[in-house]
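Chemist: One structure, as structure tokens, below. Some questions next.
The values are calculated or read from the model by the stated rules, or taken from the named source; none is laboratory data. What you see is a predicted model; the values in this text were computed from it and never measured. FYI the Cβ positions are ideal-geometry reconstructions off the backbone, even for glycines, and counts take in every protein chain you see. For accessibility, only protein heavy atoms count, side chains too; no ligands or nucleic acids. Shrake-Rupley method; radii C 1.70, N 1.55, O 1.52, S 1.80 Å.
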Amino acid sequence: MKKFVGVQHQFHDNQCALDWANRFVPTPERLQLFDTIIQQIRETPLPAAHIVELGLGPGYLAERLLQHIPQVTYEGLDFSTPMLELAATRLAAHRSRLRFTQADLIGENWGAKISRPVGAIISTWALHDLGSEAHTGQVYQTCHRLLARGGILLNGDFVKPEGTPHDYEAGRFLVSRHLELLRDAGFRDAQCLVFLEPELENPTTAQNYACLKAVV
Ligand SMILES: C[S@@+](CC[C@H](N)C(=O)[O-])C[C@H]1O[C@@H](n2cnc3c(N)ncnc32)[C@H](O)[C@@H]1O
């Protein structure tokens, strides 16, 4: 039977944020996504040693990256006070290299709040929550403006798989459309590095995610 793949979160609610953090303690597949991002950061001669994460959540990716890459500073952006508090607790050991920025990726000039220069912008499982191709495209455009020349964008997010018989929420769309939006924003070398937990027939909301990369 045809199903609808999508979910509404209440990220501003303390209990919902905590429940999300407990439910989504990283699995081996999600760690593979994090490590794909970390490997790219390590291998790329970044134009600046400052990394920005969009939709930081409880700080799982940040914790792993800060443990593995000692020479960078890190800025975690989120609009949710409870998520920023969870992240601050998790990342307390890295406080000297960290900055938290509270901003809404929709309808706010969030780029003005980011410290520059920026060498890499990263994100996992977050931009689909913006709810549309247009909002994701606008975020890509701001990322392109914020990144220094040679900087990279790595977005590991839920997508709609090619050939699916199901309906997906509008924030989850095809990899090919993401690549188009990245090119439209001015990025070069837009590509999909990996597609994880592919499931066409009976997908859950935590399957079918890809790591997209693009260069300024
Ligand atoms: C599904 S969680 C993912 C958290 C984290 N990136 C991870 O992979 O564990 C999405 C995060 O994006 C944040 N978020 C969603 N919409 C946002 C918006 N419009 N502006 C800023 N942050 C947003 C939420 O508060 C939440 O922390």
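Chemist: By its C-alpha gyration tensor, with a ≥ b ≥ c as the square roots of the eigenvalues, how is the stretch 43-146 shaped: rounded for a/c under 1.5, else prolate for a/b larger than b/c, else oblate? List each step's numbers first, then the result.
Modeler: Working: a/c = 1.78, a/b = 1.24, b/c = 1.44.
Cα axes put the stretch 43-146 in the oblate bin.
Chemist: Here is a further query. Straight-line reach only, C-alpha to C-alpha below 15 angstrom: list the aspartates and glutamates that Lys213 could link to, leaving out same-chain residues fewer than 8 apart.
Modeler: The reachable aspartates and glutamates, counting only those whose Cα sits under 15 Å from Lys213, are Asp35, Glu43, Glu53, Asp157, Glu180, Asp184, Asp189.
Chemist: Beyond 26 Å, what share of the Cα-Cα pairs of the stretch 26-215 remains, rounded to the nearest whole percent? Provide the component values of the computation, followed by the final result.
Modeler: Values: 4550 of 17955 pairs.
Every Cα pair in the stretch 26-215 considered, those over 26 Å come to 25 percent.
Chemist: So, one more: Hey, if you put +1 on the Cβ of every Lys and Arg and -1 on every Asp and Glu Cβ in the stretch 1-125, which of Ile121, Pro26, Ile38 ends up farthest toward the positive end of that dipole?
Modeler: Ranked along the dipole, the leading option is Ile38.
Chemist: Please find the FRET efficiency linking Ala148 to Glu180, where r is the Cβ-Cβ separation and R0 is fixed at 22 Å, and quote it to the nearest 0.05.
Modeler: Numbers: r = 24 Å, r/R0 = 1.08.
Plugging the Cβ-Cβ distance into 1/(1 + (r/R0)^6) gives 0.40.
Chemist: Moving on. Only four residue types carry charge here, +1 at the Cβ of Lys and Arg and -1 at the Cβ of Asp and Glu. Report the dipole size of the chain about the Cα centre in Debye, rounded to the nearest 20.
Modeler: Details: 20 positive and 24 negative charges, 139 e Å.
That gives a dipole near 660 debye.
Chemist: Could you check what % of the DSSP bridge pairs in the stretch 26-215 are antiparallel, to the nearest 5?
Modeler: Percent antiparallel among DSSP bridges in the stretch 26-215 is about 40.
Chemist: I've got another one for you. Figure the gain on full extension for Ser115 and Ser132 (residue separation times 0.36 nm, minus the Cα-Cα span) and round it to one decimal in nm.
Modeler: Numbers: separation 17, 0.36 × 17 = 6.12 nm, distance 2.66 nm.
Stretched fully, the Ser115-Ser132 segment lengthens by 3.5 nm.
Chemist: Using +1 at the C-beta of Lys and Arg and -1 at the C-beta of Asp and Glu, which of His94, Gly57, Gln141 has the Cα lying farthest in the positive direction of the dipole of the chain?
Modeler: His94
Chemist: How many percent of the alpha carbon pairs in the stretch 1-53 exceed a separation of 13 Å?
Modeler: Values: 1025 of 1378 pairs.
When every Cα pair of the stretch 1-53 is considered, 74 percent fall beyond 13 Å.
Chemist: Give the ranking of His178, His50 by solvent-accessible surface, highest area first, calculated with a 1.4 Å probe. Display every interim value, and only then the final one.
Modeler: Values: His178 0, His50 25 Å².
Result, largest first: His50, His178.
Chemist: Then there is this: If you average the C-alpha positions of the stretch 24-77 and of the stretch 80-155 separately, how far apart do those two centres end up, in angstrom?
Modeler: Taking the Cα centre of each part, the stretch 24-77 and the stretch 80-155 sit 12 Å apart.
Chemist: Hey, another quick one. Using a 1.4 angstrom probe on the protein heavy atoms only, line up Cys192, Cys143 by accessible area, largest first. Could the numbers behind the result be given before it?
Modeler: Numbers: Cys192 50, Cys143 0 Å².
Highest to lowest solvent-accessible surface, that is Cys192, Cys143.
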